[in-house]
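Student: A single structure is presented below for examination.
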Amino acid sequence: MRALEQIREWPVGHAAAGVATAAGVVATEGDLDRTFALASVTKPLVAYAVLVAVEEGAVELDQPAGPPGSTVRHLLAHTSGLAFDTTVIMAEPGTRRIYSSSGFEVLAQFVADHTGIAFEDYLHEAVFEPLGMKSSDLDGSAGHGAWSTTADLLLFAGELLNPSLLSPETLDEAITVQFPGCNGVLPGYGSQRPNDWGLGFEIRDNKTPHWTGSANSPRTYGHFGQSGTFLWVDPAQGLACVALSDENFGDWARTAWPPLSDSVLTEIAADRDTSAK
């Protein structure tokens, strides 16, 4: 796929990328087995493990967790009221979208307390091991402490496109806007009104500017990380894209990521049109 060759020109030390459909990986570029710090791309992985815990009956989405009045759902959707990196309460639950890594740390401890399993071990058992993500690990914060490879994240992307660990109904809820109308700040892109989010996944909707492409559908969901990483799934296209690098997010990423996403979508659409003829 020529679109992925764009990563060769990125101002980074190392980068790798891949594209997947529900049928499997369709294109890759770079060293798929190189390990990268995921930063906040950790959050969708953690959220998925929490949703497994919900389906197993260990916790419930609307069970109280975090600040008074907050629930597991609030923590997953960044509406618990907790600050970004502390447990300071900045708002009443459900009233503002305050992006919070500390909220995910509280959430991980909550799951650990209710399962009797250290959260990093639960994440391995619930997500990494069944998907064959052998090079992935959570080392530190449940908000930003995971490491992985492009190969492993493409396995996770495949799970999002064709779930086996969760019921389709649970995944559909996770990628549906929670607490509609909540305003907030999308890191790196400023105030968003509204700042739509699902359960651990940011939802693109009509945010402009955005780290995905202009060709991505409003239903696109995923996450990016300050370490220079992203994963998105566009259910309207049945397509997922992963890109990992070792250069922190900044102006280079704001410039480079959307054209990559647009090129991927354009090339896949052209290939599908050709195959249909």
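Student: On a 0 to 90° scale, report how tilted helix 101-115 is relative to the longest principal axis of the chain, with both axes built from alpha carbons and the result rounded to the nearest 10.
Tutor: 70 degrees
Student: Here is a further query. At what distance in angstrom do the alpha carbon centres of the stretch 196-251 and the stretch 77-135 lie from each other?
Tutor: 20 Å
Student: Further question: I'd like the distance between the alpha-carbon centres of the stretch 145-187 and the stretch 3-61, rounded to an integer number of Å.
Tutor: If we compute the Cα centre of each part, the gap is 10 Å.
Student: Rounded if a/c is under 1.5, else prolate if a/b is larger than b/c, else oblate: which is the stretch 148-277, with a ≥ b ≥ c the root eigenvalues of its Cα gyration tensor?
Tutor: Taking the square roots of the gyration eigenvalues as a ≥ b ≥ c, the stretch 148-277 is rounded.
Student: What Kirkwood hydrodynamic radius do you get for the stretch 188-243 when you take the inverse of the mean 1/r over all pairs of distinct Cα atoms, in Å?
Tutor: 11.5 Å
Student: Calculate how large, on average over all directions, the projected area of the Cα convex hull of the stretch 33-183 is; give the answer in nm² to one decimal. Mind showing how you got there, number by number?
Tutor: Values: hull surface 32.8 nm².
With the hull built on Cα positions only, its mean projection is 8.2 nm².
Student: Quick one: putting +1 on the C-beta of Lys and Arg, -1 on the C-beta of Asp and Glu, what dipole do you get for the stretch 8-167 around its Cα centre, in Debye to the nearest 20?
Tutor: Charge dipole of the stretch 8-167: 500 debye, to the nearest 20.
Student: Lys277: which aspartates and glutamates have alpha carbons under 18 Å from its alpha carbon, excluding same-chain residues fewer than 8 sequence positions away?
Tutor: Glu267
Student: Counting only heavy atoms of the protein chains, get the accessible area per residue of the stretch 89-147 (1.4 Å probe) and round it to a whole Å² value.
Tutor: Value returned for the stretch 89-147: 45 Å² of accessible area per residue.
Student: Please give the contour-minus-distance gain from Val177 to Ser275: 0.36 nm per residue of separation, less the Cα-Cα distance, rounded to one decimal in nm.
Tutor: Length difference between fully extended and current span is 31.8 nm.
Student: Using only the alpha-carbon atoms, what does the chain span along each of its principal axes? Please give whole angstrom values in decreasing order.
Tutor: For the chain, the Cα spread along each principal axis is 55, 38, 38 Å.
Student: Once a ≥ b ≥ c are taken as the square roots of the eigenvalues of the Cα gyration tensor of the stretch 16-115, is the result rounded (a/c under 1.5), prolate (a/b larger than b/c) or oblate (a/b not larger than b/c)?
Tutor: Prolate is the answer for the stretch 16-115, as a/c is 1.5 or above and a/b outweighs b/c.
Student: Taking only the alpha-carbon atoms of the stretch 86-140, what semi-axes of the equivalent ellipsoid follow from 5 times the gyration tensor eigenvalues under a square root, in whole Å, largest first?
Tutor: For the stretch 86-140, the ellipsoid semi-axes come out as 27, 13, 10 Å.
Student: If the chain between Glu5 and Ala118 were fully stretched, how many nm would it gain, using 0.36 nm times the residue separation less the Cα-Cα distance?
Tutor: Gain in length upon complete extension: 36.7 nm.
Student: Could I have the simple spin-label model distance between Trp252 and Glu267, label points 7 Å from Cα toward Cβ, reported in nm to one decimal?
Tutor: Computed distance between label sites Trp252 and Glu267 equals 2.0 nm.
Student: May I pose another question? From the gyration tensor of the Cα coordinates in the stretch 1-72, what semi-axes in whole Å does the equivalent ellipsoid have, largest first, with each one equal to sqrt(5λ)?
Tutor: Listed largest to smallest, the semi-axes of the stretch 1-72 are 36, 16, 10 Å.
Student: Another one. Hey, rough spin-label estimate for Gln109 and Thr95, points 7 angstrom out along Cα→Cβ, what's it come to in nanometres?
Tutor: So the two model labels end up 2.4 nm from each other.
Student: Carbon and sulfur atoms: what percent of the 1.4 Å accessible area of the stretch 47-178 do they account for?
Tutor: Details: 2630 of 5270 Å².
About 50 percent, which is the carbon plus sulfur part of the accessible surface.
Student: Treat each spin label as a single point 7 Å out from the Cα along the C-beta direction, and report the Val26 to Glu129 distance in nm.
Tutor: In this crude spin-label approximation the distance works out to 3.4 nm.
Student: Leaving out same-chain residues fewer than 8 places away, which aspartates and glutamates sit with a Cα under 16 Å from that of Lys134?
Tutor: Partners within reach: Asp31, Asp33, Glu120, Asp121, Glu125, Asp152, Glu159.
Student: Tell me the angle of helix 251-276 to the major Cα principal axis of the chain, expressed in degrees between 0 and 90 and rounded to the nearest ten.
Tutor: Approximately 60 degrees, to the nearest ten.
Student: Calculate the FRET efficiency for His14 and Asp62 from the Cβ-Cβ distance with a Förster distance of 35 Å, rounded to the nearest 0.05.
Tutor: It comes to 0.25.
Student: For n ≥ 4 DSSP H runs only, could you compute -39500 (n - 2.57) per run for the chain, divide by its residues and tell me the 222 nm figure to the nearest 500?
Tutor: Dividing the helical sum by the residues of the chain leaves -9500 deg cm²/dmol.
The values are calculated or read from the model by the stated rules, or taken from the named source; none is laboratory data. Since the model is a prediction, treat every value here as computed from it, not as a measurement. Positions of Cβ are generated from backbone atoms using ideal geometry, with glycine treated the same way; all protein chains shown enter the neighbour counts. Please note that ligands, DNA and RNA were not included when accessible areas were found on the heavy atoms of the full protein model with its side chains. Shrake-Rupley method; radii C 1.70, N 1.55, O 1.52, S 1.80 Å.
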